[in-house]
Amino acid sequence: MAVEEGPSQPAELTGLRRMLRKFTATDSELEREEMRRDSAKPGCLRANVVRRGELVNVAGRLRTVVYTPRTNLPTLEAELYDGTDVVTLVFLGRRHIAGIEPGRALTASGRIALRDGRKVIYNPHYELDAPK
């Protein structure tokens, strides 16, 4: 008995694969995939493809926010994660910014720099996403 391959079969297989993936993937893999979907916005680049010197828009969720006291210039640093890579947002001369807190989703714009091999945007323009 031959099985006919119709247009609906690949969609069914894809749905089945997605369901099986949910059962076989680790929590971190599922979280990474969810972040990639959530941070996909028009006009935004993925963090893993941005390069030094580019003027970019990136979207994601803040993983950590750290105030670094320095004698001449305090800084607030936040790690923005989009499911592919991290871009560190550095706010020079700031101790605290309302809304910049771990777990908050936002879109940041600025020029990519490299500091100690990490992707950084200094004093980015940002827009907070509405809390879910």
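The values are calculated or read from the model by the stated rules, or taken from the named source; none is laboratory data. Quantities reported herein were computed from a predicted structural model and do not represent experimental measurements. Heads up, the Cβs are rebuilt from the backbone with ideal geometry, glycines too, and the neighbour counts pull from every protein chain shown. For the accessible areas, the whole protein counts, side chains as well, though only heavy atoms, and no ligand, DNA or RNA atoms are used. Shrake-Rupley method; radii C 1.70, N 1.55, O 1.52, S 1.80 Å.
Name the residues in the range 84-114 that are of a type in the set (Gly, Ala, Ser) and closer than 10 Å to Val65 by Cβ, would you?
The one that is of a type in the set (Gly, Ala, Ser) and closer than 10 Å to Val65 by Cβ: Gly103.
Only one of (1) in contact with a helix residue (DSSP H, G or I) (Cβ under 6 Å, 6 or more places away or on another chain); (2) open to solvent by 40 Å² or more (accessible area, probe 1.4 Å) fails for Asn123. Which number is that?
(1)
Considering Gly117, Gly110, which residue is of a type in the set (Gly, Ala, Ser) and either under 21 Å from Ala130 (Cα atoms) or modelled with pLDDT of 95 or more (or both)?
One residue alone meets the criteria, Gly110.
With assigned to a loop (DSSP other than H, G, I, E, B) and modelled with pLDDT of 90 or more as the only criterion, which of Val49, Val66 stands out? Even if it seems obvious, please write down each step before you answer.
On the way: Val66 fails: assigned to a loop (DSSP other than H, G, I, E, B).
Only one candidate passes the filter, namely Val49.
Every residue, every condition in (1) under 20 Å from the mean Cα position of the chain (by Cα); (2) surrounded by 13 or more Cβ atoms within 10 Å (Cβ to Cβ); (3) at pLDDT 95 or above, yes or no:
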| site | (1), (2), (3) |
| --- | --- |
| Thr14 | no, no, no |
| Glu34 | yes, no, no |
| Arg70 | no, no, no |
| Asp82 | yes, yes, no |
